[in-house]
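S.K.: Structure below; questions to follow.
The values are calculated or read from the model by the stated rules, or taken from the named source; none is laboratory data. Remember, it's a predicted structure, so these values are computed and weren't measured experimentally. Quick reminder, even Gly has a Cβ in these numbers, built from the backbone with ideal geometry, and neighbours come from all protein chains shown. The area values use the complete protein model at the heavy-atom level, side chains included, leaving out ligands, DNA and RNA. Shrake-Rupley method; radii C 1.70, N 1.55, O 1.52, S 1.80 Å.
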Amino acid sequence: MSVQEILVINGPNLNLLGQRQPEIYGYDTLETIEAKCVELAKELNVSVRFGQSNHEGAIIDLIHEARLKSAAIIINAGAYTHTSAAIHDALKTFDGYIIELHISNPHAREEFRHKSWISSVADAVMAGAGAYGYELATRLAAEKIKKS
């Protein structure tokens, strides 16, 4: 059986996890989260690759690349979740499984965070589980791509 890839895309400011507003986002760094997901992926017989950018175009490039390499995308687009029709359109070109991920619950925060440009193209939305949400999303994505 071949190993299938899950691409985890992280948007703006997520490179500052563990430092930026830990009362909302927790103390885990993106590197710690990635290490946990890579280890979990080995157990699930899938691979996980992380990408992070503070630039919208670079995120779109990751999505375009995933069309050829990945069976699933987990995307925490940060603030671009609420503003980017371009990321929405790029995700529409991806034929695999898509999970929209949020560390916090955006519906319990400022009103501008209540609208997502990604939800309508995602197969699942996960929010409010903290950094552990990445592991939950990895499990779900692995299950879905093995069934496809």
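S.K.: What residues of the stretch 35-67 lie in the reach of a label at Ala79, counting those whose backbone N is under 20 Å from a point 7 Å from the Cα along Cα→Cβ?
M.R.: It comes to 52-61, nothing else.
S.K.: Please list, in chain and number order, the residues 5+ apart from Val8 or on another chain whose amide H is under 5 Å from its amide H, with Hs placed from the backbone.
M.R.: Arg49, Phe50, Gly51, Ile74
S.K.: Using θ = phi - 60° and the Karplus curve 6.51 cos²θ - 1.76 cosθ + 1.60, what whole-Hz ³J(HN,Hα) does each residue of the stretch 76-87 get, with Gly and Pro shown as x?
M.R.: Using θ = phi - 60°, the values come out as 10, 7, x, 5, 5, 3, 9, 9, 9, 5, 5, 5 Hz.
S.K.: Can I ask one more? For the chain, what does the helix formula give at 222 nm: sum of -39500 (n - 2.57) over DSSP H segments with n ≥ 4, over the residue count, nearest 500 deg cm²/dmol?
M.R.: Details: 5 runs with 57 residues, N = 148.
For the chain, the value works out to -12000 deg cm²/dmol.
S.K.: Would you please give the residues with an amide H less than 5 Å from that of Met126, counting only those at least 5 places away or on a separate chain, with H modeled from the backbone geometry?
M.R.: Glu100, Leu101, His102
S.K.: In debye, nearest 20: dipole of the stretch 1-142 around its Cα centre with unit charges on the Cβ of K, R (+) and D, E (-)?
M.R.: Numbers: 11 positive and 17 negative charges, 20 e Å.
Roughly 100 debye, rounded to the nearest 20.
S.K.: With a cut-off of 8 Å between alpha carbons and a minimum separation of six or more residues, what is the relative contact order of the chain in percent?
M.R.: On the way: 272 pairs, mean separation 41.7, N = 148.
Computed value for the chain: 28 percent relative contact order.
S.K.: Here is a follow-up. What are the extents of the Cα atoms of the stretch 10-148 along their three principal axes, listed from largest to smallest and rounded to whole Å?
M.R.: So the extents along the principal axes, rounded to whole Å, are 37, 31, 23.
S.K.: Next up: Given the protein chains as shown and a 1.4 Å probe, how many square angstrom of Arg139 are accessible, to the nearest 10?
M.R.: 110 Å²
S.K.: At 1.4 Å probe size, with the rest of the protein present, what percent of the exposed accessible area of the chain is carbon and sulfur atoms?
M.R.: Working: 3630 of 7350 Å².
Answer for the chain is 49 percent, counting heavy atoms of protein chains only.
S.K.: Straight distance only, please: which lysines reach the Cα of Lys92 with their own Cα at less than 27 Å, same-chain residues fewer than 8 apart left out?
M.R.: Lys92 reaches Lys69, Lys115, Lys144, Lys146, Lys147.
S.K.: Hey, another quick one. For the stretch 103-143, what does the accessible surface come to per residue with a 1.4 Å probe? Please give it in Å².
M.R.: Numbers: 2150 Å² over 41 residues.
Computed with neighbouring chains in place, this is 52 Å² per residue.
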